Amino acid sequence: MKAALIQLCVCDSETPAERWLRVERLLAGLEGQDIDFIMLPELWGVGFCNYDRYAQEEEPLHGLTIARLTPWARRLHSHIVTGSFVERTPDGKRYNTTAVLDANGYLLGSYRKIHLFGYDSQEHMLLTPGRHTGEVFTAYGIVGLSTCYDLRFPEQFRRMVDNGATLFAVTAAWPQQRLDDWRLFCRARALENQSFLLACNHTGDCGGTVGAGHSMAVAPDGTVLAEADEAEQILVAELDLNEAQRFRRRFPALHDRVPIG
């Protein structure tokens, strides 16, 4: 599987409409590259720290984000992890939601961020936490979705492995000041679960917080297969997804788990 992680610069100097046009130009640049799996970062349209815009930019699940990315999934014949957006449900609740489209533009599933950030952040006050892990059945097996702060909670990733995931797709708006944590958690979640991990972060100054960048692809043994720097870029990585099961057979750590308590 050939994956492209769009490490987008999310800056306050740009409107969401302008950012959409730039994303579509980046997607157009992927034509002819035989990309199978495309990812965008967390809340890239509104900007994670722009809390006053959450209500302005909210949308239903079948709203602007899916409507505009569906033709691109078909045009590029690629799965697209939309990156997250502020989902507004009929009962008035708002969620930090990520969706997955297949290569025909069909919505395969979505995930609402479970762990909302409360440290120097308003996310936990403005949004509602999701209640279910995000396993999505794709042409590449079961993909486990998670979002940014979820990385700090290993039990969520273990639950997804127990539900059949062999690949994690993490969208994020992780800040520069905690870059070391980001790099540690990405490798740890892959290694301890013997699964591939694709982590798509943003860069740029948004709401006074600078994105760390360093999107990465990690192998089931914790090896970093590809890693971006701090600049806006598209990180491309090729994954042999069968290696997850091969590694689990060679080093059966998941099989050797013993229930505690």
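Is it fair to say V143 is surrounded by 15 or more Cβ atoms within 10 Å (Cβ to Cβ), in contact (Cβ under 8 Å) with a residue 12 or more places away in the chain, out of contact with any helix residue (DSSP H, G or I) (no Cβ under 7 Å at 6 or more places or on another chain) and aliphatic (A, V, I, L, M)? Write out each step before concluding.
Numbers: surrounded by 15 or more Cβ atoms within 10 Å (Cβ to Cβ): yes; in contact (Cβ under 8 Å) with a residue 12 or more places away in the chain: yes; out of contact with any helix residue (DSSP H, G or I) (no Cβ under 7 Å at 6 or more places or on another chain): yes; aliphatic (A, V, I, L, M): yes.
Criteria met by V143.
Counting just the residues of segment 47-100 that are closer than 23 Å to V143 by Cα and polar (S, T, N, Q), which one comes out farthest from the chain's Cα centre (by Cα)?
It comes out as T70.
Does L184 meet the test of being among the aliphatic types (A, V, I, L, M), more than 17 Å from the chain's Cα centre (by Cα), closer than 30 Å to R249 by Cβ and in a helix (DSSP H, G or I)?
Details: among the aliphatic types (A, V, I, L, M): yes; more than 17 Å from the chain's Cα centre (by Cα): no; closer than 30 Å to R249 by Cβ: yes; in a helix (DSSP H, G or I): yes.
In short, no.
Pairs only if they're at least six apart or on different chains, beta carbon under 6 angstrom, first in segment 67-93 and of a type in the set (S, T, N, Q) and modelled with pLDDT of 95 or more, second surrounded by 15 or more Cβ atoms within 10 Å (Cβ to Cβ) and part of a helix (DSSP H, G or I); list them, first residue then second.
T82/T65; T82/L69
Could you please let me know if T97 is of a type in the set (V, I, T), closer than 22 Å to F37 by Cβ and either surrounded by fewer than 15 Cβ atoms within 10 Å (Cβ to Cβ) or free of Cβ contacts under 8 Å to residues at least 40 places away in the same chain (or both)?
On the way: of a type in the set (V, I, T): yes; closer than 22 Å to F37 by Cβ: yes; either surrounded by fewer than 15 Cβ atoms within 10 Å (Cβ to Cβ) or free of Cβ contacts under 8 Å to residues at least 40 places away in the same chain (or both): yes.
Here the answer is yes, as T97 does meet what is asked.
Which residue pairs have Cβ atoms under 7 Å apart, sit 6 or more places apart or on different chains, and have a first residue in segment 17-32 that is within 18 Å of S84 (Cβ to Cβ) and a second that is of a type in the set (A, V, I, L, M) and part of a helix (DSSP H, G or I)?
L27/L76
Being part of a strand (DSSP E or B), in contact (Cβ under 8 Å) with a residue 40 or more places away in the chain and within 16 Å of Q194 (Cβ to Cβ) is the filter here, so list the residues in segment 160-181 that pass it.
Filtering segment 160-181 for residues part of a strand (DSSP E or B) gives 167-171, 175.
Applying the additional criterion that residues be in contact (Cβ under 8 Å) with a residue 40 or more places away in the chain yields 167, 169, 171.
L167 - this is the single residue of segment 160-181 that is part of a strand (DSSP E or B), in contact (Cβ under 8 Å) with a residue 40 or more places away in the chain and within 16 Å of Q194 (Cβ to Cβ).
Which residues, taken from segment 217-250, are of a type in the set (D, E, K, R), more than 16 Å from T203 (Cβ to Cβ) and either at pLDDT below 95 or part of a strand (DSSP E or B) (or both)?
First, pick out the residues of segment 217-250 that are of a type in the set (D, E, K, R): 221, 227, 229-230, 232, 238, 240, 243, 246, 248-250.
From what is left, the residues that are more than 16 Å from T203 (Cβ to Cβ) are 221, 238, 240, 243, 246, 248-250.
Selection gives E238 alone.
If you check T166 against the conditions, is it under 18 Å from M39 (Cβ atoms), among the polar types (S, T, N, Q) and out of contact with any Lys or Arg (no Cβ under 8 Å at 6 or more places or on another chain)?
Values: under 18 Å from M39 (Cβ atoms): yes; among the polar types (S, T, N, Q): yes; out of contact with any Lys or Arg (no Cβ under 8 Å at 6 or more places or on another chain): yes.
Yes.
Test G204 against the stated conditions and say whether it is surrounded by fewer than 24 Cβ atoms within 10 Å (Cβ to Cβ) and at positive phi. Quick ask: steps written out before the conclusion?
Details: surrounded by fewer than 24 Cβ atoms within 10 Å (Cβ to Cβ): yes; at positive phi: yes.
It is true that G204 is surrounded by fewer than 24 Cβ atoms within 10 Å (Cβ to Cβ) and at positive phi.
Within segment 51-62, take every residue that is of a type outside the set (D, E, K, R) and surrounded by 16 or more Cβ atoms within 10 Å (Cβ to Cβ) and give me the one that is modelled with the highest pLDDT.
Filtering segment 51-62 down to residues of a type outside the set (D, E, K, R) leaves 51, 54-56, 60-62.
After this cut, where a residue has to be surrounded by 16 or more Cβ atoms within 10 Å (Cβ to Cβ) as well, the list is 51, 54, 61.
Working: Y51: 84, Y54: 91, L61: 97.
By that ranking, first place goes to L61.
Which is at pLDDT 95 or above, surrounded by fewer than 19 Cβ atoms within 10 Å (Cβ to Cβ), closer than 16 Å to N96 by Cβ and polar (S, T, N, Q), of T128, T133? Before you say what the answer is, go through the steps one by one.
Working: T133 fails: surrounded by fewer than 19 Cβ atoms within 10 Å (Cβ to Cβ).
Being at pLDDT 95 or above, surrounded by fewer than 19 Cβ atoms within 10 Å (Cβ to Cβ), closer than 16 Å to N96 by Cβ and polar (S, T, N, Q) holds for just one of T128, T133, which is T128.
Could you look through segment 1-50, keep only residues that are modelled with pLDDT of 95 or more and among the β-branched types (V, I, T), and pick out the one that is farthest from D102 (Cα to Cα)?
Only one residue tops the list, namely V10.
The values are calculated or read from the model by the stated rules, or taken from the named source; none is laboratory data. Everything numeric in this text was worked out from a predicted model, so none of it was measured. When we count neighbours, we look across all protein chains shown, and the Cβ atoms used for this are built from the backbone with ideal geometry, even at glycine.
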